[in-house]
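Here's the structure, in structure tokens; my notes come after.
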């Protein structure tokens with residue numbers, strides 16, 4: 001059993017990278033709005049299912065289908081902000097209203113996919129084009145290399161974006177204090193819209209590179225939401241590097257626990273890990289980008 | 001609203017509940033049984049979410065625990081239904097207590113996510129732990145509910161049982177809302193720090209209301225098991241939680257009558273779709289989101305403010 005460990009670690013890292021990308025989506029939105037996005041996992045599902053629809057049902061080439069799905073999911077992210085979130089924002093609704101609203105959106109989106117695209121699980125062909133990577137006894141498939149490379153690119157790009165561009169700093173500022181940011185001339189609403197678009201885009205990207213590894217289905221979103229959230233919490237909500245590391249940690253824990261504890265209960269084990277982490281360390285293991293006060297948790 | 005509104009409303013409601021099976025068909029009775037069961041859970045959730053301001057996306061799990069408790073105790077151990085119901089409700093309450101005490105320190109979004117995870121854990125485990133729950137086969141052969149030899153063995157009798165319990169728990173919620181505990185809950189929901197400063201035992205109150213709402217859900221789950229004579233964890237998966245939330249929001253979250261005003265019509269919607277049953281969750285999601293946008297305090301809140309305006 002122990003000689004399986006390198007393989008399990010490798011698998012955990014690849015799946016964890018997806019959770020990490022997703023956790024980054026959580027963090028981006030949290031950073032500019034303090035909202036925890038219950039629809040994040042639905043964006044992942046949309047990425048996979050829309051690519052499937054464009055590739056298998058509309059017979060586009062895979063790369064075009066993927067681009068189309070990314071564009072469509074981003075547009076859906078913008079629509080969600082415009083139709084569901086902005087009215088609440090303008091009304092200065094209570095905190096729980098956002099949670100409820102996003103839960104409603106997370107109900108509508110998968111059911112639309114089920115009715116309009118397909119109710120079955122689907123996979124996509126591997127992208128190809130990337131070399132396989134051999135590390136000791138473990139071989140990463142070319143799809144796994146895609147996943148890891150994408151994660152790295154996203155981490156570096158966002159790090160630069162938040163720390164070295166005016167737009168990134170403006171988004172950060174509107175999370176720290178929306179009113180003060182507005183006084184400084186930052187168009188807070190546009191920042192919120194932008195973060196929804198960015199979170200949706202990342203979700204879709206994650207879903208597209210992930211789907212060839214296993215499969216996706218209209219109801220896969222909840223699991224991605226919970227795992228992405230778990231990763232974001234481990235990484236200190238809002239911390240981009242932390243989110244990726246949190247994702248990797250969660251992926252590895254998941255791979256090891258399914259191998260050594262039980263594979264019967266599947267996701268339940270991962271959720272239990274999330275549960276324990278929230279009880280023990282609700283502030284995570286990394287410094288959040290925006291410091292939380294104890295009572296805000 | 002005037003102080004007559006509540007007693008008059010309760011009398012009218014009780015009359016309607018008693019009269020309905022005399023007028024309606026078997027289909028009507030069946031739908032209303034389901035509506036009653038969901039109303040019970042919604043009443044508890046309303047106390048938790050609407051009054052104490054704590055969000056749970058995991059009460060479907062408490063329903064499942066109640067149902068499995070009753071199912072397993074009555075079939076495998078041949079307990080009497082009443083005893084099984086009490087044990088299932090108490091056991092679920094204990095689970096809620098041991099889970100609630102630590103997680104209720106967390107606020108808003110975190111609590112929502114934790115309870116969502118908890119609900120998923122319970123549903124996954126219940127459908128896969130074959131030795132105890134029967135796995136996907138579930139627990140068949142749950143007997144009809146009996147009290148002191150009287151069996152609720154027809155749909156109509158079951159209807160009266162469910163609605164008797166619903167009305168009792170509804171009245172209890174009214175008493176609670178008007179009690180010292182209810183005021184404490186409202187204070188908690190409005191401003192936690194202020195409530196604490198005024199001497200409300202914040203931690204104890206929110207654990208109490210969490211446990212109470214879990215027990216409400218367990219009772220409904222227990223009766224559900226007797227109604228179907230069968231338990232299966234998939235009946236309590238996420239769609240149930242979505243329906244509950246939609247009922248709560250459409251009826252009016254944080255209003256007394258909200259749970260019943262939301263649950264009954266929405267149950268009718270979901271049971272009347274026939275061959276469009278696939279659209280059920282989409283409709284629920286849209287109603288629920290739409291209500292948040294256009295009727296922030298639900299139908300009850302809208303009615304209350306309309307009455308206010310008429311009076312002025």
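Within region A:120-132, the set of residues being surrounded by 13 or more Cβ atoms within 10 Å (Cβ to Cβ) and farther than 14 Å from residue A:48 by Cβ comprises just one member, A:130.
Matching residues to (1) under 14 Å from the mean Cα position of the chain (by Cα); (2) surrounded by fewer than 16 Cβ atoms within 10 Å (Cβ to Cβ); (3) farther than 26 Å from residue B:183 by Cβ:
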site	(1), (2), (3)
B:241	yes, no, yes
B:244	yes, no, no
B:249	yes, no, no
B:257	yes, no, no
B:262	yes, no, no
B:272	no, yes, yes
B:289	no, no, yes
B:296	no, no, no
B:300	no, no, no
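When A:93, A:126 are checked against the criterion of being within 14 Å of another protein chain (Cβ to nearest Cβ), farther than 23 Å from residue B:278 by Cβ and not in a helix (DSSP H, G or I), a single residue qualifies: A:93. Determine whether region B:299-311 contains at least one residue that is touching a residue at least 60 places away in the same chain (Cβ under 8 Å) and in a helix (DSSP H, G or I). Yes, that holds for at least one residue.
Of the residues B:18, B:40, which is buried (at least 16 other Cβ atoms within 10 Å of the Cβ), closer than 12 Å to residue B:163 by Cβ and more than 14 Å from chain A (Cβ to nearest Cβ)? Even if it seems obvious, please write down each step before you answer.
Working: B:18 fails: buried (at least 16 other Cβ atoms within 10 Å of the Cβ).
Just one listed residue meets the conditions, B:40.
Here residue A:120 meets the list (1) in contact with a helix residue (DSSP H, G or I) (Cβ under 8 Å, 6 or more places away or on another chain); (2) touching a residue at least 40 places away in the same chain (Cβ under 8 Å); (3) away from chain B (no Cβ under 13 Å) almost entirely, failing just condition (1).
Looking across region A:193-231, the residues that are outside any loop (DSSP other than H, G, I, E, B), over 20 Å from residue B:119 (Cα atoms) and either within 12 Å of another protein chain (Cβ to nearest Cβ) or touching a strand residue (DSSP E or B) at 6+ places or on another chain (Cβ under 8 Å) (or both) come down to A:207, A:210, A:211, A:216.
Out of B:224, B:160, B:216, I need the residue that is surrounded by 16 or more Cβ atoms within 10 Å (Cβ to Cβ) and more than 22 Å from residue B:115 (Cβ to Cβ). Which one? Steps first, answer last, please.
Numbers: B:224 fails: more than 22 Å from residue B:115 (Cβ to Cβ); B:216 fails: more than 22 Å from residue B:115 (Cβ to Cβ).
Unique residue meeting the criteria: B:160.
Whenever a residue of region B:231-254 is within 12 Å of chain A (Cβ to nearest Cβ), its partners that are outside any helix (DSSP H, G or I), lying with C-beta atoms within less than 6 angstrom and at least six residues away or across chains, give the pairs B:241/B:57. Does any residue in region A:255-271 that is more than 7 Å from chain B (Cβ to nearest Cβ) and farther than 22 Å from residue B:114 by Cα come within less than 6 Å, Cβ to Cβ, of a residue that is assigned to a helix (DSSP H, G or I) and at pLDDT 80 or above six or more places away or on a different chain, and which pairs are these? Every condition considered, the pairs that remain are A:256/A:8; A:259/A:8.
Run down A:83, A:112, A:88 and say which single residue is farther than 27 Å from residue A:53 by Cα, modelled with pLDDT of 90 or more and within 13 Å of another protein chain (Cβ to nearest Cβ). I'd like the intermediate steps shown before the answer.
Values: A:83 fails: farther than 27 Å from residue A:53 by Cα; A:112 fails: farther than 27 Å from residue A:53 by Cα.
Unique residue meeting the criteria: A:88.
When B:305, B:272, B:280 are screened for being on the phi < 0 side of the Ramachandran plot and at the interface with chain A (Cβ under 9 Å from one of its Cβ atoms), only B:280 passes. Identify, by number, the condition in (1) surrounded by fewer than 24 Cβ atoms within 10 Å (Cβ to Cβ); (2) at pLDDT 95 or above that residue B:78 doesn't meet. Unmet condition: (2). Among the residues of region B:58-69, is any assigned to a helix (DSSP H, G or I), away from chain A (no Cβ under 13 Å), closer than 24 Å to residue B:130 by Cα and without any contact (Cβ under 8 Å) to a residue 40 or more places away in the chain? There is no residue in region B:58-69 that is assigned to a helix (DSSP H, G or I), away from chain A (no Cβ under 13 Å), closer than 24 Å to residue B:130 by Cα and without any contact (Cβ under 8 Å) to a residue 40 or more places away in the chain.
The single condition from (1) within 14 Å of another protein chain (Cβ to nearest Cβ); (2) under 24 Å from residue A:148 (Cβ atoms); (3) not in a loop (DSSP other than H, G, I, E, B) that residue A:252 fails is (1).
For the subset of region A:272-289 comprising residues that are within 14 Å of another protein chain (Cβ to nearest Cβ) and not in a helix (DSSP H, G or I), which member is modelled with the highest pLDDT?
Residues of region A:272-289 within 14 Å of another protein chain (Cβ to nearest Cβ): A:272-284, A:288.
Imposing the further condition that a residue be not in a helix (DSSP H, G or I) reduces the set to A:281-284, A:288.
Values: A:281: 76, A:282: 73, A:283: 71, A:284: 71, A:288: 61.
This residue is A:281.
Each row is one residue, and each column tells you yes or no for (1) touching a helix residue (DSSP H, G or I) at 6+ places or on another chain (Cβ under 9 Å); (2) modelled with pLDDT of 95 or more.
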{"site": "A:2", "(1), (2)": "no, no"}
{"site": "A:24", "(1), (2)": "yes, no"}
{"site": "A:28", "(1), (2)": "yes, no"}
{"site": "A:33", "(1), (2)": "yes, no"}
{"site": "A:37", "(1), (2)": "yes, no"}
{"site": "A:46", "(1), (2)": "yes, yes"}
{"site": "A:54", "(1), (2)": "yes, yes"}
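If you filter region A:29-44 down to residues that are at negative phi and over 10 Å from the mean Cα position of the chain (by Cα), you find that the one that is nearest to the other protein chains (Cβ to nearest Cβ) is A:36.
The values are calculated or read from the model by the stated rules, or taken from the named source; none is laboratory data. The structure presented is a predicted model; accordingly, all values stated were derived computationally and were not measured. Glycine gets a Cβ as well: all are built from the backbone with ideal geometry, and neighbour counts include every protein chain shown.
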